[in-house]
């Protein structure tokens, strides 16, 4: 009993953007903000709660600490990385309410995109790319960079994973995966500065049964699935939860289907784009599940995946789909248009019976009608 | 003539060898410390001396030592930072190359105070020959009973190891240094935890500069209070300055922080003035990463006071009109030098030395270098200057380690004080290839106090 009391010290109060939450001691600002959710949560490109030691590198989660703690209410002079700063009791944090933070974050987004090839139209990650979301939400339009982008030689790291070093933002997540999931890491960061790159030493294939998780943790399209390469855009595929009895891993996955065909298998992800945990353990999946079980019959299908991530892939509403019960006539206020171009009620088209138009309706005289009516 | 403490015996013939060094009074401080003082008393002497870290930040050493966590049964480490890679700084090299026993002596006393039984010297990879000098000195000290088990019968064990880096500026940052010492990639760690709590191999560690540790010798020999009498205000003791650039007598000088900058540059005892009758244009008073100052602000502060060679006076005016003591790399620039080119050179250095761990520094340093190259070669436009300003502002303070700041400050200061010269490069792109902007108004007396 005494041990239990020791383990659970009093929760700490932290105020983030004027919202106060109580969190256990040792929680980082980022995780406290994730408890609140919504806009208050700083974006994170390199931090991955399931990987020990990750974070602090990308600097997108910088926040301003307006008061260090109740005991010492001095503000911190610099912006701090919220993913690696633990909360103190009475800490006051400003994220979206701080102009300094917004500006610094826009700066970081600009830095991250300087040498990023922006080849989203041909990138398999597009649609579920954290950098896309980050740029959309926190970046500025246009770039002030007028020089050639840095490029790297292509490197083959094995039959299942494609490495596009040009797209890499050096979050180091894949090296943590290799360190923490596998026995022997054969890849890492070579060189330094702006020519630092993820590589194997030297030109080895990454060959172990959990290497595929590097694809799941990669926030950008630097590591993609060769079995899914150029097969489809992720937003056209239907995510379906499924499981199988796997001797090596938890076997709980998301299948990305087009029709009945399974195009891709990934681990299940939570709203932060991280692998979901089951009973406190991250649900990493093995390469057999990921790359070899590509038939719907290999899996027990549970139903459509609910994606609540703030991203374009959440736009496929396969869950909670409601068929309209009203007839068109009811919606249109008694009208029964022959031409169903746009059932939006501000559209003029559906308010007219085609037969009532003088002469054949063309785009030209339709326009005249509408301008006259204004 | 200022007082000399560290380099007092530097010119004694063969001071590098143990016999001569001992004959000249070497290892007295170890005898005194181990026989008459307790470890806490040594720390107390250091606190009394007011010694400030000589590596650049100027943090009080005694205070740093008192932060060291001392859990039972966990080893503690002293690591001496000899990764002196800052352009313009070469004071530690002189000290280690010519009086290696001074460092060893200081290290034994410091290790005793901190309770470190295994201390390390992390030396810059390029200082290959100094590694041999140090190892020979350590071997001599060991043979004469200054290192090993039960030194002088005090029951204190200590050994010193030298580890060479592989040629990275970033490994001079204390946490990157520890990573490198552990055999890993030299990426700075995210603080906290600070090394005083969790440093080398997860144990409490103190990382000190070579000069700081060497200063222990005079502090113990003369007593902390006596040491504190040298110098002025909070700048106590003596400081090694490595002077270079456009001066008649480049070299390492020991100053007692009471002389003015003007005296340091022009007196024959020190730099001996600027060669070929040229005029002083600018100066970086503390190694490449501190802000550059134009001649008028260098010799006098914005308030009109004479600028002295000490921590407070050099920093007077903050970054708006002051600079920093830094690591003591004193780079003098005369009127035939181009500040734009000079800033480009520094930016290129920082781009090359960025570890690439965090994004603002990795991407921003390269961007700044490219823009500066454009400006220097006459391809820049006036908006580039504002862009540079904006980039450095977004790097500064937003990175894991101080390298981001170190890359941003020289660019910021160059634009702040030499904007005219940058603009001239834009407006006269062809002329800028043929001649330099010259001294211009940079040495004019300050008319009104700079805000």
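The values are calculated or read from the model by the stated rules, or taken from the named source; none is laboratory data. Owing to the predicted nature of the structure, the values given are computational and were not obtained by experimental measurement. Here Cβ is always computed from backbone atoms with ideal geometry, including for glycine, and neighbour counts include all displayed protein chains.
Things worth noting here:
- Taking the conditions (1) in contact with a strand residue (DSSP E or B) (Cβ under 7 Å, 6 or more places away or on another chain); (2) surrounded by 22 or more Cβ atoms within 10 Å (Cβ to Cβ); (3) in a helix (DSSP H, G or I); (4) within 13 Å of another protein chain (Cβ to nearest Cβ) in turn, residue A:100 satisfies each one other than (2).
- Test result for residue B:187, within 21 Å of the chain's Cα centre (by Cα) and either assigned to a strand (DSSP E or B) or over 24 Å from residue B:241 (Cα atoms) (or both): yes
- Any hit, the stretch B:338-347, residues being within 19 Å of residue B:87 (Cβ to Cβ) and within 14 Å of chain A (Cβ to nearest Cβ): yes
- Of the candidates B:355, B:361, B:401, the single residue that is facing chain A (nearest Cβ under 9 Å), closer than 22 Å to residue A:102 by Cα and either modelled with pLDDT under 95 or crowded, with 24+ Cβ neighbours inside 10 Å (or both) is B:361.
- Any hit, the stretch A:116-127, residues being over 17 Å from the mean Cα position of the chain (by Cα), more than 30 Å from residue B:371 (Cα to Cα) and in a helix (DSSP H, G or I): yes
- For the stretch B:236-262, residues that are assigned to a strand (DSSP E or B) and either over 18 Å from residue B:301 (Cβ atoms) or under 15 Å from the mean Cα position of the chain (by Cα) (or both) total 13.
- Residue match in the stretch A:28-43 (condition: modelled with pLDDT of 90 or more and either in the same structural domain as residue A:194 (by TED's automatic domain parsing) or farther than 26 Å from residue A:99 by Cβ (or both)): no
- Of the criteria (1) buried (at least 20 other Cβ atoms within 10 Å of the Cβ); (2) touching a helix residue (DSSP H, G or I) at 6+ places or on another chain (Cβ under 8 Å); (3) within 14 Å of chain B (Cβ to nearest Cβ), which one residue A:174 fails: (3)
- Candidate set: the stretch A:77-95, residues that are assigned to a loop (DSSP other than H, G, I, E, B) and over 30 Å from residue A:176 (Cα atoms); chosen: the one nearest to the other protein chains (Cβ to nearest Cβ): A:77
- One residue stands out in the stretch A:190-211 among those that are under 13 Å from residue A:163 (Cβ atoms) and within 14 Å of chain B (Cβ to nearest Cβ): the one that is surrounded by the fewest Cβ atoms within 10 Å (Cβ to Cβ), namely A:190.
- Filtered by the rule that a residue be within 28 Å of residue A:227 (Cα to Cα) and within 14 Å of another protein chain (Cβ to nearest Cβ), the stretch A:136-166 gives A:150, A:151, A:152, A:165, A:166.
- Matching entry among A:34, A:74 (being free of Cβ contacts under 8 Å to residues at least 12 places away in the same chain, surrounded by fewer than 24 Cβ atoms within 10 Å (Cβ to Cβ) and more than 11 Å from chain B (Cβ to nearest Cβ)): A:74
- Some residue of the stretch B:368-389 being touching a residue at least 40 places away in the same chain (Cβ under 8 Å), surrounded by fewer than 24 Cβ atoms within 10 Å (Cβ to Cβ) and under 30 Å from residue B:187 (Cβ atoms): no
- A residue that is touching a strand residue (DSSP E or B) at 6+ places or on another chain (Cβ under 9 Å) and modelled with pLDDT of 90 or more cannot be found anywhere in the stretch A:127-149.
- Screening B:155, B:125, B:55 for residues that are on the phi > 0 side of the Ramachandran plot and either outside any strand (DSSP E or B) or under 20 Å from the mean Cα position of the chain (by Cα) (or both) leaves exactly one candidate, B:155.
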